[in-house]
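The values are calculated or read from the model by the stated rules, or taken from the named source; none is laboratory data. Quick caveat: nothing in here was measured; it's all calculated off a predicted structure. We place every Cβ from the backbone using ideal geometry, glycine too, and count neighbours over all the protein chains shown. The accessibility values were calculated without ligands, DNA or RNA, using every heavy atom of the protein model including side chains. Shrake-Rupley method; radii C 1.70, N 1.55, O 1.52, S 1.80 Å.
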Amino acid sequence: MQFEQLFDMAVKFHGHRCPAMPMGLRAGLAAMKVLGAERAQDKELYVISETGKGHAAGCFLDGIMAATGCTYGKSNIEKRYWNKMAFTLVDTRKGKAVRVSLKPEFFEQALQSPFVQQRRKGMPPQDVPAEVLEPLLQRVLSLPEEQFLDISDPFDFPWEGGQACFDVVRCDGCGEAVFTNAVTEKDGKTLCGGCARPL
Ligand SMILES: [Zn+2]
Ligand SMILES: [Zn+2]
């Protein structure tokens, strides 16, 4: 996929134009380059993201997902909720990984940008005027990697993938189908997570 195509797809997937998603897109591509990896069709790659929730620039992770093909549906991504702008990309077949993070000075500066100032005041990202957003976005797209990313050398990361579960049973509580690898046996009943541990 050409970068322009990938970027357009990522913006559509993400939902709005902003600087942080493209940071993640470029960081994901940089990590793949180190590992010599293609975008994951299935679980060839795995992302361990150190981002979390309730902080600015969480959009970074959507860029990583778009670049690497690691998605929550394929279960080849997890979040550590450390609220850091960093992630590890694992090539599951080679057992190799690379960690990429935003340079702290770059990220601190990005949080001072006019875009973030608008966001701090509560403006949704899609409402930030283009004349404020676009120069920042274009800068992220054109900056040399070494000016905003810290990229580790590749390192060993032994990987044990499990086989997926293909069998379901009916929950004795709600009657819905649940995969057999997540049921609880309780008082002679087979229960799904929702019935065994209601919210
Ligand atoms: Zn965004
Ligand atoms: Zn149930």
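Given labels modelled 7 Å from the Cα in the Cβ direction, how far is it in nm from H55 to Q147?
Rounded to a tenth, the inter-label distance reads 2.5 nm.
Which of rounded, prolate, oblate describes the chain, given a ≥ b ≥ c as roots of the alpha-carbon gyration tensor eigenvalues and a/c under 1.5 marking rounded, otherwise prolate only if a/b is larger than b/c? Please list the in-between numbers first.
Working: a/c = 2.41, a/b = 1.60, b/c = 1.50.
Taking the square roots of the gyration eigenvalues as a ≥ b ≥ c, the chain is prolate.
Helix-only estimate, please: 222 nm mean residue ellipticity of the chain, summing -39500 (n - 2.57) across DSSP H runs of length 4 or more and dividing by its residues, to the nearest 500. Before the final figure, lay out the partial values.
Working: 7 runs with 68 residues, N = 199.
Calculated from helices alone, the mean residue ellipticity at 222 nm is -10000 deg cm²/dmol.
Can you compute the modelled spin-label distance between N181 and R139, with each label point 7 Å from Cα toward Cβ, in nm?
4.5 nm
Just to confirm a number: summing +1 for Lys and Arg and -1 for Asp and Glu over residues other than F115 whose beta-carbon lies under 13 angstrom from that of F115, what do you get? Kindly include the intermediate steps, with their values, before the conclusion.
On the way: positive: R17, R119, R120, K121, R139; negative: D127, E131, E134.
Every neighbour counted, the sum reads +2.
Which of the aspartates and glutamates could a cross-linker span from K94 if the Cα-Cα distance has to be under 13 Å and same-chain partners fewer than 8 positions apart are dropped?
Excluding near neighbours in sequence, the set is E38, E44, D156, E160.
Under the 0.36 nm per residue contour assumption, what length would be gained going from the current alpha-carbon distance of Q112 and K189 to full extension?
22.1 nm
Could you tally the net charge around L136, taking each other residue with its Cβ under 14 Å from the Cβ of L136, Lys/Arg +1 and Asp/Glu -1?
Net charge around L136: +2.
With r defined as the distance between the Cβ atoms of A196 and Q163 and R0 fixed at 30 Å, what FRET efficiency is calculated, to the nearest 0.05?
0.80
Taking 7 Å along the Cα-to-C-beta vector as the label spot, tell me the K94-Q41 distance in nanometres, rounded to one decimal.
Placing both labels 7 Å along Cα→Cβ, they lie 1.8 nm apart.
Give the angle, between 0 and 90 degrees and rounded to the nearest 10, that separates the Cα long axis of helix 3-14 from the longest principal axis of the Cα atoms of the chain.
For helix 3-14, the angle is close to 60 degrees.
How much accessible area per residue does segment 1-134 have, counting only protein heavy atoms and a probe of 1.4 Å, in square angstrom?
49 Å²
Please give the helix 20-35 orientation as an angle from the longest Cα principal axis of the chain, in degrees from 0 to 90, rounded to the nearest 10.
80 degrees
Specify the longest stretch of the chain that does not include any exposed loop site, a site being one of the GluC sites (Glu not before Pro) with a non-H, G, I, E, B DSSP assignment and at most 14 other Cβ atoms within 10 Å.
It runs 39-159.
Straight-line reach only, C-alpha to C-alpha below 24 angstrom: list the lysines that K53 could link to, leaving out same-chain residues fewer than 8 apart.
Excluding near neighbours in sequence, the set is K12, K74, K79, K84, K103, K121.
Not counting ligands, DNA or RNA, and with a 1.4 Å probe, what is I151's accessible surface area in Å² rounded to the nearest 10?
Per-residue accessible area (I151): approximately 60 Å².
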